[in-house]
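Worksheet: one structure, shown below.
Where a number appears in this text, it was derived from the coordinates with a stated rule and is not lab data. Quick caveat: nothing in here was measured; it's all calculated off a predicted structure. Every residue, glycine as well, gets a Cβ built from its backbone with ideal geometry; the counts of neighbours run over all protein chains shown.
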Amino acid sequence: MAGAPRIEHLVTSGTFSLDGGTWDVDNNVWIVGDDDEAVVIDAAHDAGAILAAVGDRRLTAVVCTHAHNDHVNAAPQVADATGAPVLLHPDDDVLWTMAHPRRRPDGALADGQVLTVAGVGLRVLHTPGHAPGAVCLYAPDLGALFSGDTLFAGGPGATGRSYSDFGTIITSIGERLLTLPGETVVHTGHGDTTTVAAEAPHLKEWAARGW
């Protein structure tokens with residue numbers, strides 16, 4: 001028996017670098033699967049810890065919500081150790097190349113695409129703004145959204161650096177994420193989880209502030 005599908009969580013630590021600056025960060029790494037197979041969402045910083053968490057399960061994909069280096073820096077090593085493909089939206093190619101100039105992703109993510117693991121569908125939602133190729137993954141069977149850096153507990157992802165845009169992320173959140181069922185649990189790229197219901201009332205406030 002493969003057991004019930006489940007969500008597992010790691011926190012890994014390292015640095016984020018862009019526009020000439022470098023910052024210490026803690027990243028959420030999410031693993032979705034059962035006892036037999038899994039996908040990794042955002043292979044950040046520590047390939048060894050991620051591989052240990054996957055264990056002897058078949059890894060079907062390393063999914064990148066976007067290509068900022070802190071979300072993809074361990075992706076090639078995890079993929080090469082397991083044979084799993086690295087999947088990324090092609091609009092983030094410029095950011096991926098900054099992190100991995102000699103290694104290409106293995107496959108492209110597209111809006112509306114459904115990745116299936118352990119009988120659970122993960123629907124790709126293209127949510128540009130924090131990065132041009134940013135995506136979220138919606139798993140209705142698990143009542144879960146994996147939001148990367150598009151939506152956090154308390155506000156949208158940052159848009160103050162290259163290849164980001166505030167108006168675009170507000171549109172993405174309003175049209176693609178806050179329309180999901182309110183009880184959907186939002187598993188973020190950094191920090192605490194939240195729910196769609198907790199964040200939905202604040203969209204106009206965020207837009208007015210110009211976050």
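The table that follows gives values for the structure above.
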item: Failed item in (1) free of Cβ contacts under 8 Å to residues at least 24 places away in the same chain; (2) in a loop (DSSP other than H, G, I, E, B); (3) under 20 Å from Phe146 (Cα atoms); (4) not aliphatic (A, V, I, L, M), with Gly133 passing the rest; result: (1)
item: Residue in region 7-19 that is surrounded by the most Cβ atoms within 10 Å (Cβ to Cβ), counting only those that are touching a residue at least 60 places away in the same chain (Cβ under 8 Å) and under 17 Å from the mean Cα position of the chain (by Cα); result: Thr12
item: Hits in region 7-53 (condition: of a type outside the set (A, V, I, L, M), part of a strand (DSSP E or B) and within 25 Å of Leu115 (Cβ to Cβ)); result: Glu8, His9, Thr12, Asn27, Asn28, Trp30, Gly33, Glu37
item: Test: residue in region 190-202 that is within 16 Å of His130 (Cα to Cα), of a type outside the set (Gly, Ala, Ser) and within 16 Å of the chain's Cα centre (by Cα); result: yes
item: Meets criteria (more than 17 Å from Ile41 (Cβ to Cβ), touching a strand residue (DSSP E or B) at 6+ places or on another chain (Cβ under 9 Å) and not β-branched (Val, Ile, Thr)) for Asp91; result: yes
item: Residue in region 20-38 that is hydroxyl-bearing (Ser, Thr, Tyr), touching a residue at least 24 places away in the same chain (Cβ under 8 Å) and out of contact with any Asp or Glu (no Cβ under 8 Å at 6 or more places or on another chain) present; result: no
item: The listed residue being closer than 29 Å to Ala198 by Cβ and without any contact (Cβ under 8 Å) to a residue 60 or more places away in the chain, out of Gly107, Gly160, Gly83, Gly119; result: Gly160
